[in-house]
1. Say we join alpha carbon atoms closer than 10 Å with springs in a Gaussian network model of the chain; which of V52, V133, V78 then has the biggest fluctuation?
2. How far is helix 89-99 tilted off the main Cα axis of the chain, in degrees rounded to 10, range 0 to 90?
3. If you rank E88, E145 by fewest surrounding Cβ atoms within 10 Å, what's the result?
4. For every helix of n ≥ 4 consecutive DSSP H residues, a contribution of -39,500 (n - 2.57) applies; sum these over the chain, divide by its total residues, and give [θ] at 222 nm rounded to the nearest 500 deg cm²/dmol.
5. Which residue fluctuates most in the GNM of the chain (Cα springs below 10 Å): T62, T123, T136?
6. Mind sorting V63, V32, V90 by how few other Cβ atoms lie within 10 Å of their own Cβ, fewest first?
7. Pull out the extension gain between R12 and R73, defined as 0.36 nm times the separation in residues minus the alpha carbon to alpha carbon distance; nm, one decimal.
8. Set Lys and Arg Cβ to +1 and Asp and Glu Cβ to -1, take the dipole of the chain about its Cα centre, and tell me which of S98, M125, A55 lies farthest positive.
Amino acid sequence: MRKFLVVLDDSRECLNAMRFAAMRAGHTGAAVQILAVIDPEDFDQWAGVAEVMRAEARERITVHFEVFSKWMRDKHGVSPELVIREGEIVAEILAQISDDSEIGILVLGAGGDRKGPGALVATLMRQVSTLPVPITIVPGDMSKERLEEIT
């Protein structure tokens, strides 16, 4: 089964990427895999409490995932899968794509402000010719209604 891989982070544009992936998966019979990456550098300065911080990060990710998961199931009949990895974000995205041969499309949300599309989109676009799957970039400012029209 083909999977849409979506990155779960704290960005506003993440929401539209989730919406797009759920809508497309619901219309095409595909699956959605949600990847959350924990940056280990966040814990380097706090060696004594690193495990507690990791557990809190995992719990926060799980809570966010449950919200998206319920919405995807209720609205689009899609039951997403959560994968949590630890490391540098781009390396972990590429590793996840490599580890799961069913991933067919990476879906990212792009920021709409003057700063550009966001660091993740910018970094992956520089590597686009060597990526093993296509990327769908969803504008973060696109309305839900427009997303419904195009999916």
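Laboratory data are not the source of any read-out in this text; all were calculated from the coordinates shown. No experiment lies behind these values; they were computed from the predicted model shown. Neighbour counts are summed over all protein chains in view; Cβ atoms, including those assigned to glycine, are modelled from backbone coordinates with ideal geometry.
1. Among V52, V133, V78, the largest mean-square fluctuation in the Gaussian network model of the chain belongs to V52.
2. That works out to roughly 60 degrees.
3. E145, E88
4. Working: 6 runs with 72 residues, N = 151.
Counting only the DSSP helices, I get -15000 deg cm²/dmol.
5. T123
6. V63, V90, V32
7. On the way: separation 61, 0.36 × 61 = 21.96 nm, distance 2.13 nm.
Difference between extended and current length: 19.8 nm.
8. So the residue furthest toward the plus end is M125.
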